[in-house]
Structures are given as structure tokens and as C-alpha cells.
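Heads up: the structure comes next, in C-alpha cells.
The values are calculated or read from the model by the stated rules, or taken from the named source; none is laboratory data. Since we're looking at a predicted model, the values are computed, not measured. Reconstructed Cβ throughout: ideal geometry from the backbone, glycine too, with neighbour counts over all protein chains shown. The protein model used for the area step is the full one, side chains on, heavy atoms only, and it has no ligands, DNA or RNA in it. Shrake-Rupley method; radii C 1.70, N 1.55, O 1.52, S 1.80 Å.
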Amino acid sequence: AGQWHPLGAVRAVTVPPGATVLEPQVRADGPGRWRLGRLLLQVLPQRPTRAGSGGPAAGPEVNTGRGRILLVTGAYPSPEHPFAGAFIHTRVQAYHALGAPVDVFEIGPRPDAAAGQREFEGITIATGGAAALQDLIATGLYRHVAVHVLTKNSWRAIRDWAGVVPLTVWVHGSEIQPWTKRRYDIVGAKALESALANTHTRMAMWREVCAVPGLDLVFVSQTFRREVAADLAAYGIDLAQVRTQVVPNPIDTGRFAGPPKDPAQRTKILMIRTFFGRKYGTDLAVSAIGGLAAEPWFDELEFTIAGDGPDFEATVAPLREYANVQLWRGYLTHAQIAQLQASHGVMLMPTRWDSQGVSRDEAMAAGLVVITNAVAAVPEFISDQEGYLAPADDWPAMADAVRDLHAHPEVFAAKSAAAAARVRATLAAPLIAAQELSLLST
């Protein structure tokens, strides 16, 4: 019927009544070489239609016999933004290493965005808007849909299939939390009004999601699951009626690795943080460094502060007077992070809330001794045996941790080795990927 489709794409074509011949053609444009590997044809059932708003899908069941898994996310790494959804990329690489047939779809903010594709570190990512995602699911190629960071946009695309194709949703943080969990970032009446409205919309979506038959919700920590259960209960949603699992985010222990740390590295202190809002407690790190400045051995310490965000300049301004503080503004590549991890021994990781804290676990995998805060789910992943847990908002305790490391090189060596061992034993990507794939096997 004269329909053209890009190579490497999966498209559904309506066959006109009475048609007896299908004639594929290939059109090449521009210089270079091309090779046609294969053309797969499959007869698919029609797409189901909704019985009514908020109701279950109706119509013929989808043929999901091909056995593939579709992973949907709103952000996936690219050369320009290597950390957008990096924790999802880690698991996809691990899935592929285990031979699992997992495809990735990155849904854009525009519902009518055209379908396309790109690649990142050997992973092919299909892209497009909600309509393109609906068309992809309609092919019937997928026996399971897995979603990370569910939004209104992705839910609009998936809801027609909820209860028809098995659905597993990973819950990571702000996409399910009410405004009360982000009080520290709400300043002024307008911001509060917006936060209240967003919470109302968000909870309406989750009320629909949690009513899907056979839904699985995956949380990255026990603490976070308990928090969400209490939050949703306040809005009349009973999480006890939903099938839930706890599986932490995986850590690429091959990438985040290195030789055992030299005790001399305990004076080399690193912080890599996003400078946006108060969640990551960058102000606490700045105060801790200032609190150490009076020590007679302060000049023995070397600090590297890296990251970016709208609050960077205002936050780090008090540190510019110290010659032993290097400020590095900008988002880093994995290679740059690995280089910094190799040359430092201590990681400052202040936080006011975390469902897990992947960057902390990556630092631990590389043998850095982490100084953080005992808030939210953090104590599930690090103890005093591997690092230091300061009370919430307690920058003096963080400064005391640096003092302890300076005075006790043997403590540094023991904590460093314990940190690397703990991550490898509990969070290594192959271990976590196997657990997650078992959830997606139905």
C-alpha cells in the first residue's frame, strides 16, 4: 500500500481486504554501504480497545508467544547525557549478558513524536512518543512490559494494555511520593500550591495503576516500600492489595572497581553530586569542609568537588578560599568518574533522602570509604563497618568522620575493603539481573 518504514523498526501494517501478494521493497538514500540482514513477517491480532474509561482492556487477547520483554523508560543514557537513567542501562547490559531478549523503548514527552532509534554502548534504544509505544506493544511481540519511573505520559500509552500483557513497574522515588516527602525543596506559597496539585494528579494515576490485575510493583529497598505503603494509604490506596517485590538497583562492579586503596588516600576526599535542590545535601558537605579548616593538618587534605546544577555556584562559593579544594563544574563521563575514584580514598555523600543511593554503592564498589547520613533507606546498604553514618543534617558528625580517618589509617583500610566486598556480594549486576529476570519470566 505504499507504506515506507525505517530499517530496524517493528511496524504493524493493515493488509487491505482481498490482498494476496506482499511485495517488500528497499530504498537506499545517501552514500555508504548497506546490507539487508532479514525481514520478519508475523500475523498479529488486532489491538484491544478499552471497555470504558478506567476499565479493563477488551477484545482479542494479545499473542505474546515471541517471548521478548519490553523495557520502557523516560530517560536512557546518551553521549550527551551519560547519567540519564544510567541505573537502567546497567541492568539492561546485565540482561543482555545473560542472553535475555530485552528491548528498550525511551518514551519522549510529545505523544505524537515519531518513532526512531539510537544506540548507546552496544544497546539499541527505540524512541518515540506514546503513540509509537502503543504501536510497538500492538505488534504482539512482547510477553511482558517492564516500566521504570512511570509518568502520566508513559501510563497513557500503557494503560490500554494493563491486565492484557503482564506488567511490572519499578518504583524509584519522586514519581510516587506526595509533596510531604519533598518539603525541603518547597519554598513559597506558589511552589506549595503546585506541589499539592501535582500530588493530586500523581495519586489519581497510582490509584489506577494499583487496580491493574496481576500488576507487580518492584521497590529498590524495604524502607522505601514501607514509606510508599504509608503514603498511599493516606490517599485511600491499599498497597497490601498489590503484589510487591524488593530488588535493589544493580551495580556494575566491573566498571566501578580498582586495586585495594592505599591508606595514604584517606586524605583525598571526593564528592560528585547534582547541585539541584536540597535533597543531596551539598550544603552539608560544604559546612563539613569549613568545619575542618581550623585543624592544623587541614592542608594535608585534598578535596575534589564535582557536579553541576543551578545551585552549584551559590553552594560552593564558601569553598573558593581554600587552596586544597578543587572545584570541577560539569557532568562527568564514566571514564572521568573511574579516574577520580582511583585517585581518591574517601567519598562525601550527604543526603536528606534516598530510596537506595546508586552513586554511593558505586563508590563503595571502588573501595572508597563513604561518609553519608543515616536517613531513609541508606542504612540498608551501608553500616559503620563499611563507612560512616552521620545523623540527619549533622555536618559536624561528617567532619568528625574525616578526623577519625585522618587519625586511623588502619580503620580506613578495613572500611575500604569491607565496602568493596559488601557491594560485590549483594548488589553485583549479574546477581540482581538474575533476580529481575525471574520476575519477568511470566
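Each peptide in 397-403, 268-274, 325-331 receives the mean, over its residues, of other Cβ atoms within 10 Å, and ordering these scores from highest gives 268-274, 397-403, 325-331. For I186, no residue whose modelled amide H falls within less than 5 Å of its own remains once neighbours fewer than 5 places apart on the same chain are excluded. For the chain, the share of accessible area belonging to carbon and sulfur comes to 54 percent (1.4 Å probe, ligands and nucleic acids excluded). Region 277-303 and region 69-136 have Cα centres lying 39 Å from one another. Nearest 10 degrees, 0 to 90: what angle lies between the long axis of helix 409-426 and the longest principal axis of the chain (Cα atoms)? That helix lies at roughly 10 degrees to the long axis. When the chain is described by a simple charge dipole with +1 on each Lys and Arg Cβ and -1 on each Asp and Glu Cβ, the residue from L368, A338, H200 located farthest towards its positive end is H200.
In this structure region 195-304 gives 43 Å² per residue of accessible area when probed at 1.4 Å with all protein chains present. Using only Cα atoms, tell me the angle between helix 222-233 and the longest principal axis of the chain; keep it within 0 to 90° and round to the nearest 10. Once rounded, the angle reads 60 degrees. Evaluated with a Cβ-only charge set (Lys, Arg +1; Asp, Glu -1), region 166-246 carries a dipole of roughly 140 debye about its Cα centre, given to the nearest 20.
An oblate overall shape is assigned to region 143-293, the ratio a/c of its alpha-carbon gyration tensor axes (a ≥ b ≥ c) being 1.5 or greater and a/b not exceeding b/c. Compute the Cα gyration tensor for region 352-433, then decide on rounded, prolate or oblate, letting a ≥ b ≥ c be the square roots of its eigenvalues: rounded whenever a/c is under 1.5, prolate when a/b is larger than b/c in the other cases, and oblate in all that remain. Oblate shape, in that a/c is at least 1.5 and b/c is the bigger or equal ratio. Placing +1 on each Lys and Arg Cβ and -1 on each Asp and Glu Cβ, with no other charges, gives the chain a dipole about its Cα centre of roughly 1440 debye. Placing unit charges on the Cβ atoms only, positive for Lys and Arg and negative for Asp and Glu, gives region 316-442 a dipole magnitude near 320 debye about its Cα centre. No solvent, one uniform scatterer per C-alpha: report log10 I(q)/I(0) for region 247-380 via the Debye equation at q = 0.12, 0.13, 0.19, 0.20 1/Å, two decimals. The computed values of log10 I(q)/I(0) come out as -0.45, -0.53, -1.18, -1.31. When the charge dipole of the chain is built from unit charges on Cβ atoms (+1 for Lys and Arg, -1 for Asp and Glu) and taken about the Cα centre, the candidate among Q241, A418, A114 whose Cα reaches farthest toward its positive end is A114.
Overall shape of the chain was characterised from the C-alpha gyration tensor. The equivalent ellipsoid obtained from it has semi-axes of 44, 25, 20 Å, in decreasing order.
In this label model, E121 and A19 are separated by 4.1 nm, measuring between points 7 Å along each Cα→Cβ vector. Spin-label pair Q222-C210: with each label point 7 Å from Cα along the Cα-Cβ axis, the two points sit 2.2 nm from one another. Principal-axis analysis of the Cα atoms of the chain puts helix 429-439 at an angle of about 40° to the longest axis. At a Förster distance of 41 Å, what's the computed FRET efficiency of D238 paired with Q385, Cβ-Cβ distance as r, to 0.05? Step by step, r from the Cβ atoms, then E = 0.65.
Once you order the gyration tensor axes a ≥ b ≥ c over the Cα atoms, which shape class does region 211-291 get: rounded for a/c under 1.5, otherwise prolate or oblate by comparing a/b with b/c? Oblate. Between D394 and Q435, the modelled labels are 2.9 nm apart [label points 7 Å from Cα along Cα→Cβ].
Here the gap between D404 and A28, fully extended at 0.36 nm per residue and compared with their Cα-Cα distance, gives a gain of 128.8 nm.
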